[in-house]
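Since the structure comes first, as structure tokens, the remarks are kept for the end.
Each reported figure results from applying straightforward, stated rules to the coordinates on display, with no laboratory input. Just so we're clear, the structure is a prediction, and the values are computed from it rather than from any experiment. Ideal geometry is used to build each Cβ from the backbone, glycine not excepted, and the neighbour counts take in all protein chains shown.
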Amino acid sequence: MGSCLSTTQQAVAAGNIRKRAKGRRQRQKELRREAMETLTLEAKNDALLASLPGRICSNGASNVACIYTQQGRKGTNQDAMVVWEDFASMEDTVYCGVYDGHGPYGHLVARRVRDSLPSKLLHYWQEELAAIKDNSKESESDDSAELCDTAEMDRGSNVSNHNDEVVRKPPMFQPWMEAHLTAYRVMDKELRSHPLIDCFCSGTTAVTVLKQGKHLVIGNVGDSRAIMGTRDENGVLKAIQLTVDLKPNLPQEADRIREYKGRVFALGDEPEVFRVWLPFDDSPGLAMARAFGDFCLKDYGVISVPEISYRQLTDRDLFIVLASDGIWDVLSNDEVVHIIASAPTHSTAAQALVESAVRVWRLKYPTSKVDDCAVVCLYLDDPALISRHLSRADISSVLSEDEGAAEGGEILNERKEMGGNETQKKNSLADWLDAEEDQEWSALEGVTRVNSLLNLPRFTAADKRAAGTPKGPVTMKIE
């Protein structure tokens, strides 16, 4: 009897094992099929994008812009960029973006966002226009531009202006703003469930500029940056910062992260770099407060909601520069503007800026690995009218006048960082560019090399699936 019972139990156990194995094989088969379908669809979309006139995403130049990227010494180039002229089939509209990936698969995340986000933005913009047309009888009286003060931060503190004290927002801004918010949310959701890209500890920044006529709509997630080169009333070239580096030590960002039990602090060997940490582990140490991907931190206050701003162009505005932090780690806004203005041709300006940054990296921080660099330069005026013959002495004299002034001007003054200390600049750009290659400089002078991610947390597959689903309204709610 006992022997018969034992045999029956063994048979049942063996049957259960076969069922589980069959279930695993079936699940793996479904995952492979889903992955192949996703890969096929993305390949078709990528081929369609590659055939579009006016869109460039590799080193090169067009009539109104130039782009350039160079791999650093950390491995795969994780930066991506794009310029799309005649965006939305409008001759006066250009879309630009720079995406700086981080983590083991950051290069895949950055490229996927580069290839998918603009199309989503266009799709949801068209939906917004259709909705406005359907509700035209209610909205006609509200089509006039609204007055807005620069101190006002509406839409859940995600929308702002960076113009003069009183700005008139045109009717075009509202649908583009709504499209940005929706496209970014959908993009992050797709990354979470992507069958081919593990975004659990990988992500990317995104800084984008949409130029429609004389209007700019700027979107920002992470610590890449956009600036504008313009001339003041006296015709002197100057830089205006268009975005805020969304670091964890900004009070608003730190408060949100801590509200959701994330931790924000700097390590002793890099006291100026605040990072985001899990509540139960000293990882991953993300050096930004917002990003696409990074789902290990999405339950703890890191979000992908863009900060959206508007600016109206003037006749004095010359060009816009978007770049990853590999540029801003070693060059100031004013230095970048003067390098672009002094480039021999407009088609080589982005390359000149990257090469200047790499040279400063090697001389200023010889023991640090040069970061990936990506630059998009969008010209707002006829490039032939912009002076490109400034000597290094001219650059040095201009920068020496501004030394000691806060970098970024009005925007950085609005956002006070906690615990941040200003680093006094000891050498001008001309000093670094004129230095001999074998000249030694202290790697500890100024800001040291900053890695976007320090450690990878240890999670099981089940933990990853659980962490991929938000537990609460971590993203900012828009009323």
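Three principal axis extents of region 202-277 based on alpha-carbon atoms, in descending order, are 47, 27, 22 Å. Which of the pairs LYS133/LYS169; LYS238/LYS298; LYS74/LYS211; LYS214/LYS364 have their Cα atoms more than 31 Å apart in this structure? Table pairs above 31 Å Cα-Cα are LYS238/LYS298; LYS74/LYS211; LYS214/LYS364. The calculated FRET efficiency for the pair ASN234 and GLU355, based on their C-beta separation and a Förster distance of 35 Å, comes to about 0.70.
In this label model, ASN59 and ARG25 are separated by 5.0 nm, measuring between points 7 Å along each Cα→Cβ vector. With K and R counted +1 and D and E -1, the other residues having a Cβ less than 11 Å from that of ALA374 yield a net charge of -4. Packing-based ranking of 372-378, 330-336 yields 372-378, 330-336, ordered from highest to lowest mean Cβ neighbour count within 10 Å. Its Cα gyration tensor gives region 52-118 an equivalent ellipsoid; the semi-axes, largest first and in whole Å, are 24, 13, 7.
Using the Cβ-Cβ distance between LEU48 and ASP86 with R0 set to 22 Å, the FRET efficiency works out to roughly 0.90.
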